[in-house]
1. Out of region 49-88, which residues are among the basic types (Lys, Arg) and within 30 Å of residue 352 (Cβ to Cβ)?
2. I'd like the full set of residues that are hydrophobic (A, V, I, L, M, F, W, C) and surrounded by 17 or more Cβ atoms within 10 Å (Cβ to Cβ), limited to region 328-346.
3. Within 27 Å of residue 105 (Cβ to Cβ), hydrophobic (A, V, I, L, M, F, W, C) and modelled with pLDDT of 85 or more: is that true of residue 694 in this structure?
4. Just one of 407, 489, 469, 479 is more than 26 Å from residue 310 (Cα to Cα), modelled with pLDDT of 65 or more and assigned by TED's automatic domain parsing to the domain that holds residue 810; which is it?
5. Name the single residue that is surrounded by the fewest Cβ atoms within 10 Å (Cβ to Cβ) among those in region 610-640 being in contact with a Pro (Cβ under 7 Å, 6 or more places away or on another chain) and either charged (D, E, K, R) or not assigned by TED's automatic domain parsing to the domain that holds residue 657 (or both).
6. Out of the residues in region 209-237 that are within 36 Å of the chain's Cα centre (by Cα) and modelled with pLDDT of 85 or more, which is farthest from residue 686 (Cα to Cα)?
7. Within region 500-516, can you find the residues that are surrounded by 24 or more Cβ atoms within 10 Å (Cβ to Cβ) and not hydroxyl-bearing (Ser, Thr, Tyr)?
8. Being touching a Lys or Arg at 6+ places or on another chain (Cβ under 9 Å), at pLDDT 80 or above and within 26 Å of residue 708 (Cα to Cα), is that true of even one residue in region 536-545?
Amino acid sequence: MSANRVTWLLVTRSLRRHRSRTLTLVLVLTIPLAIACGLSVLYSTADFSTERGVSEIAGRSQTVLTNGDFTAERGLVRALAEGPDAIGRALGHPLAVAPEVVGDLPASAQGRQVASAGFGLDLSAPVHQGRFLLERGRAATAAGEVVLSREVAKRLGVGAGFAVTLGQSSTPMEVTGIAVAATDTTRQFVITSPEQAAQLIVTPSPSITQPVLPGKQQIGLINWHTEERVSDARDWSIVTREQLTTHYRAQAEGEDAGAVPSIVGAAILVFAELGLILGAVYAITVRSGRRELALLAVAGAGPGTRRAVITGQGLLTGVIATVLGLVLGVLGAWALVPFAQQSAHQVWQPLTLQPLLLITVLVLGIGTPALAARIAARGVRTDVVAAVRGLPDEIRSTRRGYAAVAGWGVAGVLMLLAGSSFGSIPLVLLGALTLVIASALLVRAVLPGTANGGRGWRLLPRMGMRLAGQAPARAATLGVVIASLTLIGGLALTAMAGLTDQVRANYVAASPPGSAFVLTTKYPRPGTLAQVSQALANRPVAALGIASPPPPAGAPQTYWGHFSVRTPLTECLTEPASTPEKCRQRTGFRAGPDNRVVVADESALQLVLGKELTSAQRAAFAAGSMLVTDRRVAPSGQSTVEVSGQQEKRSVPAVVIAETAPYSQIPVAFLSPAGLAKLGGVIQPTTAYFYVPAPDQGAFSAEQEDEARAALTADIGAGFAQFQVERGPAAAEVYQTATLALAILLILVAGTMAYVVVTLAVQEIRPDLSAMAAAGAERRFRSWLAGSHAAIVTALGLVVGLLVTAVSAPALLSVLHVGWTPWPWVGLIAIAVVAVAVATFAGRVAGSRVGTVLRAES
């Protein structure tokens, strides 16, 4: 029989003989591999290719042609009919084109109205394939038919077969299907035929020379799509597919630029963490099998054979665990795809397995345990006589241990500093893991001195501490596993919480949280405002008129201008070579401000401000002074007022009632009717602001918002109101949900790994427990002793992990450019409590199974 066959037989016999330990090792490896495989499959499935992203914008079009002047002169209906011939004349030859009419087209049903984008196109046309995904029903192909997006149908409470109205039309239209946009299923849109959309969407008018306010409805345009390549067409704007692809890639790369270092860092962290865990586990396994290895040495097996046996165990265990990890990871990803899609508000492609990622998992799963076992196999050079008799190895001098601690510690600190300085996430994570190794070496060097510690403690904790001090290598090995898991959890939670806080800090609310702010380009009747108030939980409605100069002679019934106050931002923008970004950084205005001068009575103003005016402020307001909510607008008690589009400027006395304007849509300058009269202005009759304070709890619901919009547009017409409820940044909610899911996952993984590793570690104190059993110690006492020992060692690892996390977190936050928040430490405490509880339970269970000395050595 060959030596290799003998080695293989020894490997398989050892694994079969120690089934419990083998299953534990397989479990240790399967859990992270299944998670890594599942996450890689989810990442591959969720990845939107460039072609798919461009197809959602332009379908199969190779060229998109537009001509705003052509559409404005003729109107949508006529431009739709004459467009193909006009394009043919511009090119000098006929061209097959498919129209897409776009513009605002709100949908109404059951007393609600939802603001939505309108698309007039034929979903069945080949050139439009890939634009939208039909979930249910069919495309709208005839007059009187419409397809709603999932979000619009949900908010209106309708489905296929229901009737809705679009825009200002009162003619019911049948809902033939429900569609979604793959990249964002929350988009609100409607799709109907081009002819129907051309009749419903407002046509641009060439007679409008002054720009209207942002609340005015978006005028309609026509995009002409063709599958042919066009390079030039006289008087027509051309966008090629290559240009769309370049723009999409640049946008995608910009969004993913910050994610790539995080992904690389996470991969390095997972690989290093898996190596640390497996190295620690196999070190425990090798020491647990010292007697078996010593018996092989007595039987004539050399060090090479014994190392081959241990390495073979790691290799075979890795193969089994890798197969299980791949199967469980793919099955887990398949089960999670529906929930992940819903959370991401996207529609992903079918389950995708990227070969490179799978090969990485295979190499990681098979190579890492084999390498860890090979490194741990150096432990076969042990005292054979002591191992056979069950005695521990002689404790070596700690002088070299302290030198190693210093070396690893300095290297870790330098990596953290370098990573923070150069903005390298992988370097920061490697530095953190290096500090974990240094801490483990420090624990191994210090623990022998604590063997007789714990004086004044109760019996079981004192004996648990003694067991840890008598076997420092065992405690340090277990501490590496617990500390590294704690580090992963701590850094992940710290980063996620910091990103969540950053999103919230950078977000500039349009109005106070939960409130509604409305801009109308037609003035509603008083009865309409009462209906709006009723729809919004009977909250009062504050009307804010826009201060304007007297209308010029023969002014059309359109918006002719307004008064505005000069701000440092507007002054900066008048300077040469200035840009909005540079001016915002210099002036401190992150968004807005709305510098239009508005007119309000005292009660409406106090409703908007959310506080009572002081007697001095009330007197100044009544006397005609301007009240401003940002000191930068009136630094010396005077504000400069100018007329939009004119050079005329006036100085108005101002009273500062707030240091900075916190909201982007709430105006910063308020005048009373008396103040407007002194300024010589009038209230703009066609445009106004309306503000509704938030309900007592939370924000207005989507149903309340839609009912209020329906009441408003029933009076002034659909599309003439910009209605916004302030609900905070949606990205923060996504981060918060992801952080909670991550915390739960880390708790489960930490608990499972603690159970597995503690079960292995208790095997090393079997001789002590067996001796106690032979001396008459009760099973309950032995069980609690093992649990106490496990809890102490686990707590030691947790303390090390928390300390390293506290040292490493500032460097990671510096790289991510986010701030510190205390909430991650709440999650870490939860993880620590679960880990200690599970370790205690695992120690008790494993300790209760230890019998006599003979049974322990069998």
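1. Our first condition is that a residue be among the basic types (Lys, Arg); within region 49-88, this holds for 52, 60, 74, 78.
Residues satisfying the conditions are 52, 60.
2. Taking region 328-346 first, the residues hydrophobic (A, V, I, L, M, F, W, C) are 328, 330-331, 333-337, 339-340, 344.
328, 330, 333, 337 - these are the residues of region 328-346 that are hydrophobic (A, V, I, L, M, F, W, C) and surrounded by 17 or more Cβ atoms within 10 Å (Cβ to Cβ).
3. Working: within 27 Å of residue 105 (Cβ to Cβ): no; hydrophobic (A, V, I, L, M, F, W, C): yes; modelled with pLDDT of 85 or more: yes.
For residue 694, the condition - within 27 Å of residue 105 (Cβ to Cβ), hydrophobic (A, V, I, L, M, F, W, C) and modelled with pLDDT of 85 or more - is not met.
4. Working: 407 fails: assigned by TED's automatic domain parsing to the domain that holds residue 810; 469 fails: modelled with pLDDT of 65 or more; 479 fails: more than 26 Å from residue 310 (Cα to Cα).
489 is the lone residue from the list that is more than 26 Å from residue 310 (Cα to Cα), modelled with pLDDT of 65 or more and assigned by TED's automatic domain parsing to the domain that holds residue 810.
5. 632
6. Ranking the qualifying residues of region 209-237, first place goes to 225.
7. Keep residues of region 500-516 that are surrounded by 24 or more Cβ atoms within 10 Å (Cβ to Cβ), which gives 515-516.
Scanning region 500-516 gives a single hit, 516.
8. First, the residues of region 536-545 that are touching a Lys or Arg at 6+ places or on another chain (Cβ under 9 Å): none.
Looking through region 536-545, none of the residues is touching a Lys or Arg at 6+ places or on another chain (Cβ under 9 Å), at pLDDT 80 or above and within 26 Å of residue 708 (Cα to Cα).
The values are calculated or read from the model by the stated rules, or taken from the named source; none is laboratory data. What you are looking at is a predicted structure, and each value in this text was computed from that prediction instead of being measured. Cβ coordinates were reconstructed from backbone atoms using ideal geometry, including for glycine residues, and neighbour counts include every protein chain displayed.
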